[in-house]
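Contents: one structure, followed by commentary.
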Amino acid sequence: MTSTPQKYADDTLAIEEKNSFIITKEYRRFAEFCDACRREKYIGLCYGAPGVGKTLSARYYAKWFFLENRLPTHLPYLPLHPDISSCRTLLYTAEMSNPYRTIKQRISQMRTQLGRFNEELLPPEQQTRTVNNIGRFCELIIVDETERLKMEGIEQFREIYDRGDIGLIFIGMPGLEKKLSRYPQLYSRVGFAHQYHALSQEEMRFILSHYWEKLDLSMNPNDFTDAEAVSAIARITNGNFRLLNRLFRQIQRVIKINELNCITAEVVEAARECLVIGVI
Ligand SMILES: Nc1ncnc2c1ncn2[C@@H]1O[C@H](COP(=O)(O)OP(=O)(O)O)[C@@H](O)[C@H]1O
Ligand SMILES: [Mg+2]
């Protein structure tokens with residue numbers, strides 16, 4: 001069977017990711033931090049425990065879901081989603097296996113593509129197609145999974161930063177500041193450090209009420225059963241987004257299998273037993 005080549009860029013998954021993202025207080029803090037690094041052209045460090053939402057926040061901030069499928073040159077990029085006209089950020093996920101030499105080349109390719117897409121979305125009389133102009137659309141580069149980079153990789157980013165008129169953010173786990181402080185050349189250029197926190201209890205309650213709705217249930221804060229279930233979830237997940245999502249998937253399963261119509265502390269407990277907590 002031969003498959004027909006895809007002619008148009010497909011944004012179905014991107015739109016789904018965009019719509020399912022919950023704008024939390026932590027995301028707002030993260031976005032302010034990114035805006036500041038971008039505006040001031042500083043280097044910023046963002047660190048936080050695994051599963052709190054760093055990667056997803058970076059993807060949302062950069063509108064990365066609209067760009068990532070269009071960057072490989074052999075894939076179709078048209079039609080360009082209108083949101084791309086406000087994309088000014090590149091997201092680079094560090095890989096263990098990638099030799100550091102490819103970093104500059106990769107960033108430069110992504111930068112050109114970002115510029116091209118942005119130019120194509122401008123009215124024809126404003127399009128210049130000159131190399132300098134195409135480069136100016138990139139204002140911020142976010143590097144995710146920074147701990148995977150060796151010294152040479154970090155050095156490449158410092159060079160990119162020094163040459164370009166851009167902000168640069170390194171995302172990683174707690175301890176990232178310490179690791180980077182070993183590179184004084186880079187560390188002396190760090191303008192902001194930002195800690196990404198887990199969800200607060202209050203916010204988790206708000207998010208859970210949405211999750212309840214997804215199961216066609218309504219949460220009543222005055223109902224003891226609901227309050228008990230919510231505090232069980234809060235205790236188990238400790239505000240960790242990844243854990244919360246995983247636990248809720250199990251809750252959904254327990255509810256369905258047992259044909260229940262409310263989430264109780266026992267349901268939460270049964271769901272927890274299906275998870276290996278800690279492996280997140
Ligand atoms: N703002 C958000 N809205 C919806 N789900 C989220 C959000 N942030 C995180 N999640 C969920 O938590 C999971 C872990 O988030 P991720 O960004 O990968 O964490 P980190 O990079 O900090 O390890 C995601 O796969 C997603 O299921
Ligand atoms: Mg991550």
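Values in this text are rule-based calculations from the coordinates and carry no lab data. Everything quoted here is computed from the prediction, not taken from an experiment. For neighbour counting, all protein chains shown are included, and Cβ atoms are generated from backbone atoms with ideal geometry for every residue, glycine included.
Over the alpha-carbon set of region 145-280, divide Rg by the Kirkwood Rh and report the Rg/Rh ratio to two decimals.
Numbers: Rg = 21.1 Å, Rh = 17.9 Å.
Checking Rg against Rh, the ratio lands at 1.18.
Relative to the Cα centre, what is the charge dipole magnitude of region 12-195, using +1 at the beta carbon of each Lys and Arg, -1 at the beta carbon of each Asp and Glu, and rounding to the nearest 20 debye?
Values: 27 positive and 22 negative charges, 67 e Å.
My answer is approximately 320 debye.
List the lysines whose alpha-carbon lies under 29 Å from that of residue 7, not counting same-chain residues fewer than 8 positions away?
18, 63
Going by alpha carbons, how many degrees (0 to 90, nearest 10) lie between the helix axis of 224-237 and the longest principal axis of the chain?
For 224-237 against the chain, the angle is about 40 degrees.
Would you be so kind as to identify which of 258, 123, 247 lies farthest towards the positive end of the dipole of the chain, taking Lys and Arg as +1 and Asp and Glu as -1 on Cβ and the Cα centre as origin?
Farthest towards the positive pole: 123.
Name the residue farthest towards the positive end of the dipole of region 201-273 from the options 237, 204, 227, assuming +1 on Cβ of Lys and Arg, -1 on Cβ of Asp and Glu, about the Cα centre.
Ranked along the dipole, the leading option is 237.
With the crude spin-label approximation of a point 7 Å out along Cα→Cβ, what separation in nm comes out for residue 213 versus residue 252?
That separation, rounded to one decimal, is 1.6 nm.
In whole Hz, with x marking every Gly and Pro, tabulate ³J(HN,Hα) for region 248-265 from phi via Karplus 6.51 cos²θ - 1.76 cosθ + 1.60, θ = phi - 60°.
Going residue by residue, I get 5, 4, 5, 4, 4, 5, 4, 4, 5, 4, 8, 6, 8, 10, 7, 8, 10, 4 Hz, with x marking Gly and Pro.
Which value, in debye to the nearest 20, gives the size of the charge dipole of region 1-114 about its Cα centre, when Lys and Arg are +1 and Asp and Glu are -1 at the Cβ?
Numbers: 17 positive and 11 negative charges, 92 e Å.
About 440 debye.
What are the ³J(HN,Hα) values, in whole Hz, obtained from phi via the Karplus relation 6.51 cos²θ - 1.76 cosθ + 1.60 with θ = phi - 60°, for each residue of region 118-130 in sequence order, with x given for Gly and Pro?
These are the phi-based 3J(HN,Hα) values: 5, 4, 5, 8, 7, x, x, 5, 9, 7, 10, 6, 8 Hz.
What angle, in degrees between 0 and 90 and rounded to the nearest 10, separates the Cα long axis of helix 25-40 from the longest principal axis of the Cα atoms of the chain?
The angle comes out at about 10 degrees.
What 222 nm value per residue comes from the helices of the chain, counting each DSSP H run with n ≥ 4 as -39,500 (n - 2.57) and dividing by all residues, nearest 500 deg cm²/dmol?
On the way: 13 runs with 140 residues, N = 280.
The helix contribution divided over the chain gives -15000 deg cm²/dmol.
Near the amide H of residue 46, under 5 Å away, which other amide H atoms are found, from residues 5 or more places off or on another chain, if H is placed in the peptide plane?
170, 171, 172, 194
For the residue pair residue 273 and residue 75, what label-to-label distance in nm results when each label sits 7 Å from Cα along the Cα-to-beta-carbon direction?
For residue 273 paired with residue 75, the spin-label model returns 4.3 nm.
State the dimensionless ratio Rg/Rh of the chain (Rg: radius of gyration of Cα atoms; Rh: Kirkwood radius).
Numbers: Rg = 21.7 Å, Rh = 21.0 Å.
My calculation of the ratio gives 1.03.
What's the FRET efficiency of residue 227 with residue 195 using the Cβ-Cβ distance as r and R₀ = 22 Å, to the nearest 0.05?
Values: r = 30 Å, r/R0 = 1.36.
In this case the efficiency is close to 0.15.
Taking K and R as +1 and D and E as -1, what net charge do the other residues with C-beta under 12 Å from the C-beta of residue 136 add up to? List each step's numbers first, then the result.
Details: positive: 88, 111; negative: 119, 139, 165.
Overall, the nearby charge balance is -1.
Treating only the Cβ of Lys, Arg, Asp and Glu as charged (+1, +1, -1, -1), what charge dipole size does region 74-117 show about its Cα centre? Round to the nearest 20 debye.
On the way: 6 positive and 2 negative charges, 47 e Å.
Here region 74-117 has a charge dipole of around 220 debye.
Please compare each pair in 25/54; 214/256; 54/214 to a cut-off of 20 Å on the Cα-Cα distance and tell me which ones are over it.
Working: 25/54 13 Å; 214/256 13 Å; 54/214 24 Å.
Listed pairs above 20 Å: 54/214.
What Kirkwood hydrodynamic radius do you get for region 100-176 when you take the inverse of the mean 1/r over all pairs of distinct Cα atoms, in Å?
Details: mean 1/r = 0.0730 Å⁻¹.
Hydrodynamic radius (Kirkwood, Cα pairs) of region 100-176 is 13.7 Å.
Take the chain, connect every pair of alpha-carbon atoms lying under 10 Å apart with a spring to form a Gaussian network, then pick out the residue of 258, 133, 238 with the largest mean-square fluctuation.
258
Each residue of region 160-174 in turn: what ³J(HN,Hα) in whole Hz from Karplus with 6.51, -1.76, 1.60 and θ = phi - 60°, glycine and Pro shown as x?
Whole-Hz 3J(HN,Hα) from phi for region 160-174: 4, 4, 5, 7, x, 8, 9, x, 9, 10, 9, 9, x, 7, x.
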